[in-house]
Amino acid sequence: TMMMIFIVPTLSATFESLGSELPMSTQLIINFSDFLVNYTLITFASFFAAIGLFYSFIRTKNGSRLFESFILHIPVIGTLVKETNSARTGRTLSSLLASGVHVLHSLEITEEVIQNSFYKEVIAKARKEVQDGSPIAAVFEEEEGLYPPLVGELIAVGEETGNLPDMLHEVAKFYEGEVDQKTKNMSTIIEPMLMLVVGAAVGYFALAMISPMYSMVENF
């Protein structure tokens, strides 16, 4: 942005004074620069207004739910969100049950701890099913779109063996490890991709602004 506002106009004035014909790539950058220079306040105001509107929108019930749904359907990111919530559910329930908190109260507290509304609904549904005498595992097994199948399977084993806190602890440990590993892998992949994107942007800018200079030198 700083280059577009301060450097490009200087080069643009030089090209204009020499009356040289500019390639399309250079003209695009100059047009964009002219827009930023002429409408700087409007551009920045619009940018921050858009951020403010987006933030206000996702704070509404419908906006938050739409955003959460969108995040859950993004490849890789959606898997991370599912595994993070699985780990958080397992860790919270395991700690509460191991401390002697009643299962219904444990589910109620877990529902408050979980931030995603889709997962809150699953926990609320599990609490209602337990009140009706159904096993907890049945709810998690039905919600494989949110909780991976392993979560329901381990909870079922825990309920059958009377060792539910330990099984939930295993769920938490497993998915915490998965999230840590995938986060590290993402960092390894994203860094070179960012370098390529930044390099391509800088390279395009450099070629677009330097190529007219070479043309002018050849003409002289």
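Among the complete DSSP H segments of the chain, which ones combine at least 27 Å of alpha-carbon extent along their axis with a mean Kyte-Doolittle hydropathy of -0.5 or more?
On the way: long enough: 40-59 (29 Å, 1.56); 77-98 (31 Å, 0.07); 164-219 (81 Å, 0.39).
Answer set is 40-59, 77-98, 164-219.
Contact order normalised by length for the chain, with contacts defined as Cα pairs under 8 Å and 6 or more residues apart; what percent is it?
About 22 percent, as a whole number.
Based on DSSP H runs of at least 4 residues, each adding -39500 (n - 2.57), what is the mean residue ellipticity at 222 nm of the chain after dividing by all its residues, to the nearest 500 deg cm²/dmol? Don't skip to the end; give the middle numbers.
Values: 10 runs with 182 residues, N = 220.
Calculated from helices alone, the mean residue ellipticity at 222 nm is -28000 deg cm²/dmol.
For 2, 209, 193, give me the order by solvent-accessible area with a 1.4 Å probe, most accessible first, ignoring ligands, DNA and RNA. Working shown, then result.
Values: 2 130, 209 5, 193 110 Å².
Accessible-area ranking of 2, 209, 193, largest first: 2, 193, 209.
In percent, what relative contact order does the range 106-179 have, based on Cα pairs under 8 Å that are 6 or more apart in sequence?
Normalised by residue count, the contact order of the range 106-179 is 18 percent.
In debye to the nearest 20, how big a dipole does the chain give about its Cα centre with +1 on each Lys and Arg Cβ and -1 on each Asp and Glu Cβ?
Numbers: 13 positive and 25 negative charges, 124 e Å.
Roughly 600 debye for the chain.
According to a simple spin-label model (label point 7 Å from Cα along Cα-to-Cβ), what is the distance in nm between residue 134 and residue 210?
Result: 6.7 nm between the two label points.
In the chain, if the dipole is taken from +1 on Lys/Arg beta carbons and -1 on Asp/Glu beta carbons about the Cα centre, which of 177, 114, 89 is farthest to the positive end?
After comparing all options, I get 114.
Using heavy-atom solvent-accessible surface (probe 1.4 Å) with all chains present, what is the largest-first order of 88, 127, 59?
So, going from the largest accessible area down, we get 59, 88, 127.
Once every Cα of the range 1-110 carries one equal point scatterer and solvent is ignored, give the base-10 log of I(q)/I(0) from the Debye formula at q = 0.13, 0.22 Å⁻¹, two decimals.
-0.76, -1.09
Around residue 58, with a cut-off of 15 angstrom between Cβ atoms, what is the net charge of the other residues, counting Lys and Arg +1 and Asp and Glu -1? Before the final figure, lay out the partial values.
Working: positive: 59, 61, 65; negative: 68.
After counting each charged neighbour, the total is +2.
Accessible area, 1.4 Å probe, largest first: how do 25, 46 sort?
Numbers: 25 35, 46 65 Å².
So the residues, ranked largest to smallest area, are 46, 25.
With all protein chains present, how much of the accessible area of the chain (probe radius 1.4 Å) comes from carbon and sulfur, to the nearest whole percent?
It is 65 percent, rounded to a whole number.
Which of the GluC sites (Glu not before Pro) found in the range 153-220 are in a DSSP loop and have at most 10 neighbouring Cβ atoms, other than their own, within 10 Å?
Sites meeting the loop and neighbour criteria: none at all.
Could you work out the local net charge near residue 69, counting Lys and Arg as +1, Asp and Glu as -1, over the other residues with Cβ closer than 15 Å to its Cβ?
Every neighbour counted, the sum reads +1.
Accessible area per residue of the chain at 1.4 Å probe, in Å²?
Values: 13720 Å² over 220 residues.
Result: 62 Å² per residue.
The values are calculated or read from the model by the stated rules, or taken from the named source; none is laboratory data. Not measured: the values here are computed from a predicted model. Every residue, glycine as well, gets a Cβ built from its backbone with ideal geometry; the counts of neighbours run over all protein chains shown. Only protein heavy atoms, including side chains, enter the accessible area calculation; ligands, DNA and RNA are left aside. Shrake-Rupley method; radii C 1.70, N 1.55, O 1.52, S 1.80 Å.
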